[in-house]
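A.B. asks: I'd like to ask some things about the structure below.
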Amino acid sequence: KEKVKITKEQQALMKVVVEAYNRHQIPQDVAKKLLQEQYSEEENFLLLTEMATSQVQVLVEFTKNIPGFLSLNHEDQIALLKGSAVEAMFLRSAQVFSRKMPNGHTEVLEERIRKSGISEEFMTPMFNFYKSIGELHMMQEEQALLTAIAILTPDRPYVKDQQAVERLQEPMLDVLRKLCVLQHPQEPQYFARLLGRLTELRTLNHYHAEMLTSWRMNDHKFTPLLCEIWDVE
Ligand SMILES: O=C(NC1CCCCC1)[C@H](C1CCCCC1)n1c(-c2ccc(-n3cccn3)nc2)nc2cc(F)c(F)cc21
């Protein structure tokens, strides 16, 4: 059985990505806010747009720290950010939801989200995803690498030089695969399960625009940045 070993340069790559991931976190904690009090559907929508707007800003900063990203063609950089912003937001939301919380807090959080104004039909796919992420008990290295891998998806719409994106994504996939083998020796399928979450994320992408317009309230207002990145209004 070949001994899996993470090379020096793979260690360095992982360090850069994890540090960037941890440096660029949402300032205030939305879970704490939601646990503190009930908000109206309008207030929840406003909270979502505020959180999502600041999350896009930190996503851009994180992406700029992915080795090689800034040497990609500029239009392709935009296409990758635009193509992954919603997935990165749901991945981040799933990680927030899966954090260890005092007894009963997760249930309250789930209840608040169920009543936030999102229409019923999207609850099942969204919480199925959150729970499937939670079951993986991902380490922060895995979360950071998985987010970078989602961003560096070569076949996003309008990407011209897909090979250049593949050349950046492959080293991330290699180091994540080795990390999974080393951290989860009992679970040979763990790496495949992680990548399977990216497929599940794409389905949430598909629901996203409808989730927004069907939010139980009228006159949905978005920030200019969200209009750009979410293709709304
Ligand atoms: O703020 C949230 N998520 C942020 C975004 C940026 C990064 C950090 C988290 C929301 C929140 C805004 C207030 C109402 C209630 C939901 N949230 C969501 C969520 C729900 C629906 C949607 N969308 C619906 C249509 C399009 N997207 N997006 C995120 N899931 C969450 C899971 C948590 F544990 C959780 F704590 C919050 C969560």
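The values are calculated or read from the model by the stated rules, or taken from the named source; none is laboratory data. Everything numeric here is computed off the predicted structure, so don't read it as measured data. Glycine also receives a Cβ, built like all others from the backbone with ideal geometry; neighbour counts cover every protein chain displayed. Each accessible area value is taken on the protein alone, full model and side chains, heavy atoms only, with ligands, DNA and RNA left out. Shrake-Rupley method; radii C 1.70, N 1.55, O 1.52, S 1.80 Å.
A.B. asks: State whether the residues of the stretch 3-26 include one that is more than 12 Å from the ligand (Cβ to nearest atom), over 16 Å from residue 145 (Cα atoms) and part of a helix (DSSP H, G or I).
C.D. replies: Yes.
A.B. asks: Return the pair list, or none, for Cβ contacts closer than 9 Å from residues in the stretch 7-30 that are farther than 15 Å from residue 176 by Cβ to residues that are open to solvent by less than 50 Å² (accessible area, probe 1.4 Å) and among the aromatic types (Phe, Trp, Tyr), at least 6 apart or on different chains.
C.D. replies: If the second residue must be open to solvent by less than 50 Å² (accessible area, probe 1.4 Å) and among the aromatic types (Phe, Trp, Tyr), the pairs left are 20/62; 23/62; 24/62.
A.B. asks: Which residue pairs have Cβ atoms closer than 7 Å, lie 6 or more positions apart in sequence or on different chains, and pair a first residue in the stretch 94-122 that is closer than 23 Å to residue 216 by Cα with a second residue that is open to solvent by 80 Å² or more (accessible area, probe 1.4 Å) and more than 10 Å from the ligand (Cβ to nearest atom)?
C.D. replies: 112/38; 117/216; 119/216
A.B. asks: Return yes when residue 168 is touching a residue at least 40 places away in the same chain (Cβ under 8 Å) and either among the polar types (S, T, N, Q) or part of a helix (DSSP H, G or I) (or both) and no when it is not.
C.D. replies: The answer is yes for residue 168.
A.B. asks: Hey, among 193, 216, 202, which residue is touching a residue at least 60 places away in the same chain (Cβ under 8 Å) and more than 13 Å from the ligand (Cβ to nearest atom)?
C.D. replies: Just one listed residue meets the conditions, 202.
A.B. asks: Which residue, of 176, 168, is closer than 25 Å to residue 81 by Cβ, modelled with pLDDT of 95 or more, open to solvent by less than 10 Å² (accessible area, probe 1.4 Å) and touching a Leu at 6+ places or on another chain (Cβ under 9 Å)?
C.D. replies: Of the residues listed, the single one that is closer than 25 Å to residue 81 by Cβ, modelled with pLDDT of 95 or more, open to solvent by less than 10 Å² (accessible area, probe 1.4 Å) and touching a Leu at 6+ places or on another chain (Cβ under 9 Å) is 176.
A.B. asks: So, residue 28, is that one loosely packed, with under 12 Cβ neighbours inside 10 Å and modelled with pLDDT under 95 or not?
C.D. replies: It is true that residue 28 is loosely packed, with under 12 Cβ neighbours inside 10 Å and modelled with pLDDT under 95.
A.B. asks: Identify, by number, the condition in (1) within 16 Å of the ligand (Cβ to nearest atom); (2) more than 16 Å from the chain's Cα centre (by Cα) that residue 85 doesn't meet.
C.D. replies: Here residue 85 clears every test but (2).
A.B. asks: Among the numbered conditions (1) assigned to a helix (DSSP H, G or I); (2) under 25 Å from residue 125 (Cβ atoms); (3) of a type outside the set (A, V, I, L, M, F, W, C), tell me where residue 187 comes up short.
C.D. replies: Exception for residue 187: condition (1).
A.B. asks: I would also like to ask the following. If you scan the stretch 74-119, which residues turn out to be in a helix (DSSP H, G or I) and charged (D, E, K, R)?
C.D. replies: Those that are in a helix (DSSP H, G or I) and charged (D, E, K, R): 75, 76, 82, 87, 92, 107, 110, 111, 112, 114.
A.B. asks: Here is a follow-up. What number of residues in the stretch 134-146 are open to solvent by 10 Å² or more (accessible area, probe 1.4 Å) and in contact (Cβ under 8 Å) with a residue 40 or more places away in the chain?
C.D. replies: So the answer is 6.
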